[in-house]
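A.B. asks: Submitted below is the structure of interest, expressed as structure tokens.
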Amino acid sequence: MIVWINGAFGAGKTTTARELIDLIPNSTLFDPEVIGGALTHLLPPKHLAEVGDYQDLPIWRRLVIDTAAALLAELGGTLVVPMTLLRQDYRDEIFGGLAARRISVRHVLLAPAETILRERIAGRELPPDLPDGEMRVRQWSYDHIEPYRAALASWLTADAHPVDTSALTPYETAVRIVDAVSSGSVPVCDIVQTPEPTAETIAAGVLLFDEHDRVLLVDPTYKAGWEFPGGVVEPGEAPARAGMREVTEETGIRLDDVPRLLVVDWEPPAPPGFGGLRLLYDGGHLDSTEAHRLLLPGPELRDWRFATEAEAADLLPPVRYERLRWALRARERGAALYLEAGIPTP
């Protein structure tokens, strides 16, 4: 398993993590900061300059997942990860990627009072060889107090097990974490466990429309970007039935009729993905009563909304938008289309 220690910059995550590995048998410290440091040697400076934080780089998030999984496969036991995560979509992407590898995550939040946090930032020891290091690092920590407050108010407190460290030493904090994990007070994160494919897959999505002909989009916790209700077709399952099943599981809406096929899109392999066939079906209109019966987001969904085609262009990744665009044209014409990588093929 992984014990993920979250908290504001300067909250004492790394110091606590070092104490923690002395208390948990067969545990290893993995600091994702080393991934960020490695990327400065791997990526062109121009590419790095386009982001203000290496967490905004998709490659950083993927390497954190892959490195954590590789360390656990090599060493076993418990991985202690001290890393600030203030964006819920990044938390979902990373924890979801770990869950897909059947790696459980216990999420702990170090939460000292803000006055104590500011005192610790001011007194933090920094490497003497950093150019302007003291000013930059301290200012970075101060600048992220407000995003930390916003995360606390929106999702972080409910998601992680908080430990008030205002009056605790790092060792005392580590003891509290061990006791909480051992007693079950820190549960395994409730996030969907979608196994990563090992070969090409068939996936079925269903387009559902409201009374204004806007299409229903969902925001999954286990991957980046908005999507249509749907999922991977299970062995021996008819694709249309798979789409109907996924609609019920994700939204609570039961479709009485088998939906009409709109698009078959062949998605080419793009490592680490394997590609496969992506099918979109027309699930018809939901009246206002049905729309109000949509389930609130659960472990699989962060959010849902109805969107116009123009709005969907800003929400969906380009490949999914192209699939939607052609599905809407097929719906207008009353004839299904065959696509390859989102492009119609005669």
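A.B. asks: Looking for whichever is open to solvent by less than 50 Å² (accessible area, probe 1.4 Å), within 18 Å of LEU110 (Cβ to Cβ), at pLDDT below 90 and not hydrophobic (A, V, I, L, M, F, W, C) here; the options are THR221, THR165. Which one fits?
C.D. replies: Only one candidate qualifies: THR165.
A.B. asks: Using the structure shown, decide if ALA199 is closer than 22 Å to ASP22 by Cα, hydrophobic (A, V, I, L, M, F, W, C), in a loop (DSSP other than H, G, I, E, B) and at pLDDT below 90.
C.D. replies: no
A.B. asks: Pairs only if they're at least six apart or on different chains, beta carbon under 9 angstrom, first in region 147-172 and closer than 13 Å to ARG91 by Cα and touching a residue at least 40 places away in the same chain (Cβ under 8 Å), second of a type in the set (Ser, Thr, Tyr) and open to solvent by 60 Å² or more (accessible area, probe 1.4 Å); list them, first residue then second.
C.D. replies: Close Cβ pairs satisfying both conditions: ALA151/THR157.
A.B. asks: Now for a separate question. Output the number of residues of region 322-337 satisfying the condition of being surrounded by 14 or more Cβ atoms within 10 Å (Cβ to Cβ) and outside any helix (DSSP H, G or I).
C.D. replies: Of the residues in that region, 2 qualify.
A.B. asks: A further question on this structure: Scanning for something under 19 Å from LEU337 (Cα atoms), open to solvent by 20 Å² or more (accessible area, probe 1.4 Å) and in contact with a helix residue (DSSP H, G or I) (Cβ under 8 Å, 6 or more places away or on another chain), does region 228-243 turn up at least one residue?
C.D. replies: no
A.B. asks: May I ask you to list the residues in region 327-346 that are hydrophobic (A, V, I, L, M, F, W, C) and either over 16 Å from LEU217 (Cα atoms) or modelled with pLDDT under 95 (or both)?
C.D. replies: Those that are hydrophobic (A, V, I, L, M, F, W, C) and either over 16 Å from LEU217 (Cα atoms) or modelled with pLDDT under 95 (or both): ALA330, ALA335, ALA336, LEU337, LEU339, ALA341, ILE343.
A.B. asks: A follow-up question, please. Which of the residues belonging to region 36-71 are aliphatic (A, V, I, L, M) and within 19 Å of ASP89 (Cα to Cα)?
C.D. replies: Within region 36-71, VAL51, LEU57, ILE59, LEU63, VAL64, ILE65, ALA68 qualify.
A.B. asks: Out of all the residues in region 276-290, is one or more free of Cβ contacts under 8 Å to residues at least 40 places away in the same chain and either within 22 Å of the chain's Cα centre (by Cα) or open to solvent by 40 Å² or more (accessible area, probe 1.4 Å) (or both)?
C.D. replies: Yes, region 276-290 contains a residue that is free of Cβ contacts under 8 Å to residues at least 40 places away in the same chain and either within 22 Å of the chain's Cα centre (by Cα) or open to solvent by 40 Å² or more (accessible area, probe 1.4 Å) (or both).
A.B. asks: Scan region 274-291 for residues that are modelled with pLDDT of 75 or more and touching an Asp or Glu at 6+ places or on another chain (Cβ under 8 Å) and jot them down.
C.D. replies: Residues satisfying the conditions are PHE274, GLY275, GLY276, LEU277, ARG278, LEU279, LEU280, GLY284, HIS285, LEU286, ASP287, SER288.
A.B. asks: Quick check on this structure: which one of VAL258, VAL263 is assigned to a loop (DSSP other than H, G, I, E, B), in contact with a helix residue (DSSP H, G or I) (Cβ under 8 Å, 6 or more places away or on another chain) and of a type in the set (A, V, I, L, M)?
C.D. replies: None of the others qualify; the one that does is VAL258.
A.B. asks: If you don't mind, there's one more thing I want to ask. Scan region 302-321 residue by residue and report those that are among the small types (Gly, Ala, Ser) and open to solvent by 40 Å² or more (accessible area, probe 1.4 Å).
C.D. replies: If the condition is that a residue be among the small types (Gly, Ala, Ser) and open to solvent by 40 Å² or more (accessible area, probe 1.4 Å), then ALA310, ALA313 are the ones that fit.
A.B. asks: Of the conditions (1) farther than 16 Å from PHE306 by Cβ; (2) surrounded by 22 or more Cβ atoms within 10 Å (Cβ to Cβ); (3) of a type outside the set (Ser, Thr, Tyr), GLU249 clears all except one; give me its number.
C.D. replies: With respect to (1) farther than 16 Å from PHE306 by Cβ; (2) surrounded by 22 or more Cβ atoms within 10 Å (Cβ to Cβ); (3) of a type outside the set (Ser, Thr, Tyr), GLU249 is out only on (2).
A.B. asks: Among the helices (runs of 4 or more DSSP H) lying completely within region 11-122, list those that include at least 1 residues that are buried (at least 16 other Cβ atoms within 10 Å of the Cβ) and in contact with a Leu (Cβ under 6 Å, 6 or more places away or on another chain).
C.D. replies: In region 11-122, 13-23, 33-42, 58-75, 88-100 are the helices (runs of 4 or more DSSP H) which contain 1 or more residues that are buried (at least 16 other Cβ atoms within 10 Å of the Cβ) and in contact with a Leu (Cβ under 6 Å, 6 or more places away or on another chain).
A.B. asks: For region 1-10, give me the residue count where each residue is in a loop (DSSP other than H, G, I, E, B) and open to solvent by less than 20 Å² (accessible area, probe 1.4 Å).
C.D. replies: 2
A.B. asks: Keeping to region 309-324, report how many residues are among the β-branched types (Val, Ile, Thr) and within 18 Å of ASP213 (Cα to Cα).
C.D. replies: Number of matching residues: 0.
A.B. asks: Considering only region 266-294, state which residues are among the hydroxyl-bearing types (Ser, Thr, Tyr) and in contact with a helix residue (DSSP H, G or I) (Cβ under 8 Å, 6 or more places away or on another chain).
C.D. replies: Result: TYR281, single match.
The values are calculated or read from the model by the stated rules, or taken from the named source; none is laboratory data. Predicted model, so just to flag it, every value in this text is computed and none were measured. With ideal geometry, Cβ positions are generated from the backbone for all residues, glycine too; neighbour counts draw on all protein chains shown. When the accessible area is computed, the model is the full protein with side chains, heavy atoms only, and any ligands, DNA or RNA have been set aside. Shrake-Rupley method; radii C 1.70, N 1.55, O 1.52, S 1.80 Å.
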